[in-house]
Amino acid sequence: MSPTPASMSDPRAPASYSWEATNEEVARRSGLPVDLIVRFDLNTSPAPPAAVKQLLAFGGFETGLSEYPPSDYRGLVAAAALAYSVPEDEILVGAGADEILDLAAKAFLAEGDVAIVPTPSYAMYRVLTEQRRATVAAVPRQAASEDWAIDRPAVRDAARTAALVWLCNPNNPTGRLEPPGLIEGLLDELSSDAQADGRQAPVVVLDEAYSEFVGKSLLDVRATYPRLVVVRTVSKAYALAGLRVGFAIARRDTLARIEPYRPPGSVSTLSVAIATEILGIPGVLAENLARVEGERARLAAGLEDAGWRPEPSVTNFVLVPFADAETAAQVAEALLAQGLVPRTFPADHPLANSLRITVRDRLENDRLLAAARAIEAGR
Ligand SMILES: Cc1ncc(COP(=O)(O)O)c(C=O)c1O
């Protein structure tokens with residue numbers, strides 16, 4: 001007998017993160033070979049940096065594979081400190097940004113606490129909050145016409161009783177950057193409200209997974225808001241999602257609260273070695289950023305020509321709204337039939353009428369554009 005999934009046997013189990021279909025499932029449904037399936041749902045890059053091939057051939061990494069990585073990841077920390085221009089003792093390494101978010105939830109959320117999520121945003125904030133048996137206060141963002149900006153007064157208000165605020169800038173899945181000064185102003189307000197009420201300000205986790213795409217970061221704000229944890233990753237702009245390497249950057253006393261939850265050696269020796277090298281190679285980042293920028297403009301223009309209305313984006317994905325949720329679901333099905341996997345949103349999600357589409361390489365994007373034209377021609 002197969003085991004009962006936890007969520008069926010335990011009514012208190014939190015909802016899990018929901019993925020799109022696997023390549024094998026899509027291949028089966030579409031009748032296409034599995035290597036023709038393209039992931040437009042994961043905000044990843046089509047290929048790792050070219051330097052990785054050289055490193056794997058000549059890096060001599062295999063000698064380290066019988067050992068655990070160094071417990072303090074010291075070489076990787078040093079490379080990240082240089083790449084992000086921060087002191088080494090303000091960096092903590094995790095298995096991707098996702099593990100960092102998980103550690104932050106463990107360190108700063110207890111049962112019954114409230115965590116704010118300006119909504120829509122990255123789905124893991126809710127999953128992780130609920131895993132701690134804490135509650136999400138979802139604060140709706142402003143309209144698409146207002147760049148989906150955080151509703152600053154509403155977040156400020158809700159944060160009076162919150163232990164943690166999850167922020168994401170640029171935001172996934174909207175692909176926009178917050179207006180200049182909004183987050184800094186909000187943090188000032190959170191500090192002064194806490195001081196006036198005689199309590200600690202909430203911890204703010206600022207997820208900057210996509211910040212390299214805009215060349216802007218609020219890392220320096222930790223100087224004025226000590227309970228800020230900035231999250232970075234090599235998954236997106238560095239095109240290394242498969243390595244699973246991410247970082248928390250925060251002031252030492254804040255980082256010290258997370259450290260006890262860090263598992264020993266969750267990042268593999270090979271990932272540590274490759275990320276350490278790549279972070280130090282000039283030009284790796286610029287190459288991928290240039291590819292994304294060029295292809296994003298071409299993809300958006302092609303989608304417009306096909307009759308879709310992609311929203312502006314500063315990231316490696318675009319959000320495409322349709323007339324309603326039913327139309328979005330039909331378009332998703334039609335794309336899947338071509339082996340192209342978009343990111344969909346559940347029926348009760350504020351973006352149920354939209355699909356999120358990753359900027360891939362030229363050939364893959366051309367397949368998507370051809371599919372979009374065919375779908376529109378068939379209506
Ligand atoms: C906003 C955001 N944070 C974190 C992650 C996870 O990043 P990582 O691959 O570093 O775990 C993603 C991945 O899609 C993301 O969109």
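The values are calculated or read from the model by the stated rules, or taken from the named source; none is laboratory data. Because the structure is a prediction, the values reported are computed rather than measured. Virtual Cβ from ideal backbone geometry, glycine too; neighbours counted across all protein chains shown.
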> What's the number of the condition residue 37 fails, among (1) β-branched (Val, Ile, Thr); (2) within 15 Å of the ligand (Cβ to nearest atom); (3) over 16 Å from residue 272 (Cα atoms)?
Replying inline: (2)
>> Could you list, ordered by first residue, the pairs with Cβ atoms under 7 Å in which the first is in the range 56-72 and assigned by TED's automatic domain parsing to the domain that holds residue 93 and the second is of a type in the set (Lys, Arg) and surrounded by 10 or more Cβ atoms within 10 Å (Cβ to Cβ), at least 6 apart or interchain?
In response: none
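To keep it simple, each residue is scored yes or no on (1) within 16 Å of the ligand (Cβ to nearest atom); (2) over 13 Å from the mean Cα position of the chain (by Cα); (3) within 29 Å of residue 277 (Cα to Cα).
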residue	(1), (2), (3)
207	yes, no, yes
218	yes, yes, yes
225	no, yes, no
256	no, yes, yes
> Among the residues of the range 325-339, is any among the polar types (S, T, N, Q), in contact with a helix residue (DSSP H, G or I) (Cβ under 9 Å, 6 or more places away or on another chain) and in a loop (DSSP other than H, G, I, E, B)?
Replying inline: yes
> Given (1) over 16 Å from residue 49 (Cα atoms); (2) among the hydroxyl-bearing types (Ser, Thr, Tyr); (3) crowded, with 22+ Cβ neighbours inside 10 Å, where does residue 233 come up short, assuming only one miss?
Replying inline: (1)
> Quick one: residue 183 ticks every box in (1) within 16 Å of the ligand (Cβ to nearest atom); (2) of a type in the set (Val, Ile, Thr); (3) surrounded by fewer than 18 Cβ atoms within 10 Å (Cβ to Cβ) bar one, so which box is it?
Replying inline: (3)
>> Residues to consider are 123, 110, 144; find the one that is surrounded by fewer than 17 Cβ atoms within 10 Å (Cβ to Cβ), within 30 Å of residue 215 (Cβ to Cβ) and out of contact with any helix residue (DSSP H, G or I) (no Cβ under 9 Å at 6 or more places or on another chain).
In response: 144
>> Restricting to the range 90-110, and then to whatever is of a type in the set (A, V, I, L, M), under 19 Å from the mean Cα position of the chain (by Cα) and outside any helix (DSSP H, G or I), can you tell me which residue is nearest to the ligand (Cβ to nearest atom)?
In response: 95
